[in-house]
1. Any residue in segment 14-32 that is closer than 14 Å to Ala57 by Cα sitting within a Cβ distance under 7 Å of a residue that is modelled with pLDDT under 95 and among the polar types (S, T, N, Q)? List the pairs, counting only those 6 or more apart or interchain.
2. Before we move on, is Asp40 surrounded by 14 or more Cβ atoms within 10 Å (Cβ to Cβ), assigned to a helix (DSSP H, G or I) and at pLDDT 90 or above?
3. Looking only at residues in segment 23-32 that are assigned to a helix (DSSP H, G or I) and under 16 Å from the mean Cα position of the chain (by Cα), which one is modelled with the lowest pLDDT?
4. I need the full set of residues from segment 52-83 which are in a loop (DSSP other than H, G, I, E, B), exposed (fewer than 14 other Cβ atoms within 10 Å of the Cβ) and on the phi < 0 side of the Ramachandran plot, in order please.
5. Hey, among the residues in segment 162-184 that are out of contact with any helix residue (DSSP H, G or I) (no Cβ under 9 Å at 6 or more places or on another chain) and either in a helix (DSSP H, G or I) or within 18 Å of Glu147 (Cβ to Cβ) (or both), which one's modelled with the highest pLDDT?
6. Out of everything in segment 33-71 that is farther than 21 Å from Gln126 by Cα and of a type in the set (Phe, Trp, Tyr), what residue ends up being nearest to the chain's Cα centre (by Cα)?
7. So, in segment 106-118, how many residues would count as being more than 14 Å from the chain's Cα centre (by Cα) and either at pLDDT 75 or above or farther than 13 Å from Glu30 by Cα (or both)?
8. Which number in (1) in a helix (DSSP H, G or I); (2) crowded, with 19+ Cβ neighbours inside 10 Å; (3) aromatic (Phe, Trp, Tyr) marks the one condition that Tyr49 misses?
Amino acid sequence: MARRSDHTRDQLHQMMLDAARHVAATDGPEAITARRIAGDIGYSPGTIYQLFDNLDALIVALKSVILAEILERLDAVNLSGKVRADVLALVDGYLTYERDEPALWRTLFDFSLPGGSEIPESFSHQIADGLTRVEHALAPLGLSATEQATAARTLWAGLHGIISLARSSGLARSGVGSTDALARHFAVTYLAGLTAAA
């Protein structure tokens, strides 16, 4: 085992997050244990609790990392000012991450922490920051700030619901189209309603 002095606290923190991400991506979030993470980085399990209050805190930090990765995908979309094209590009970015990293997506959204662990306020701010990408795409519609925020959250909720149902119930295999097709149909139909009302 490496000695604690072999790495700084910041280095250890990053090593633990990297190890947790690897475990979640390969074996699912249920496989994240103090012993597994510590073993992967060459430290004793007790080292984790010198940086995180408990294992839940490590998983919450991992959720933040995963969300940041999704937001990077969305940031790669260059908004053109054409609402339909921009929203569909954001939808595609979100869908691509779920398709590329299904276990990490599940870690972020489907994996519940035991014992009623609270999500930090910083994580809530991160989610709100992510939704601003959608709000910016909707801006040309000229909606009020409240309507724009509501529309962005409705789009995200609908998209999230389609993916979740497709994963859990085989919705996309029910003969009505792929997950991507369903998500794009929802987005286009919802935008048509917004445009008509604007």
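The values are calculated or read from the model by the stated rules, or taken from the named source; none is laboratory data. A quick note: this is a predicted structure, and the numbers were derived from the prediction, not measured. Cβ sites come from the backbone with ideal geometry, for glycine too, and all protein chains shown count toward neighbours.
1. The qualifying pairs are Pro29/Thr107.
2. Yes; evaluated as a whole, the condition is true for this residue.
3. Step by step, filter segment 23-32, then rank; the result is Pro29.
4. The answer is Asp53, Ala76, Asn78, Ser80, Lys82.
5. Ser168
6. Of everything passing the filter in segment 33-71, Tyr49 is nearest to the chain's Cα centre (by Cα).
7. Qualifying residue count, segment 106-118: 4.
8. Going through the list (1) in a helix (DSSP H, G or I); (2) crowded, with 19+ Cβ neighbours inside 10 Å; (3) aromatic (Phe, Trp, Tyr), Tyr49 breaks only (2).
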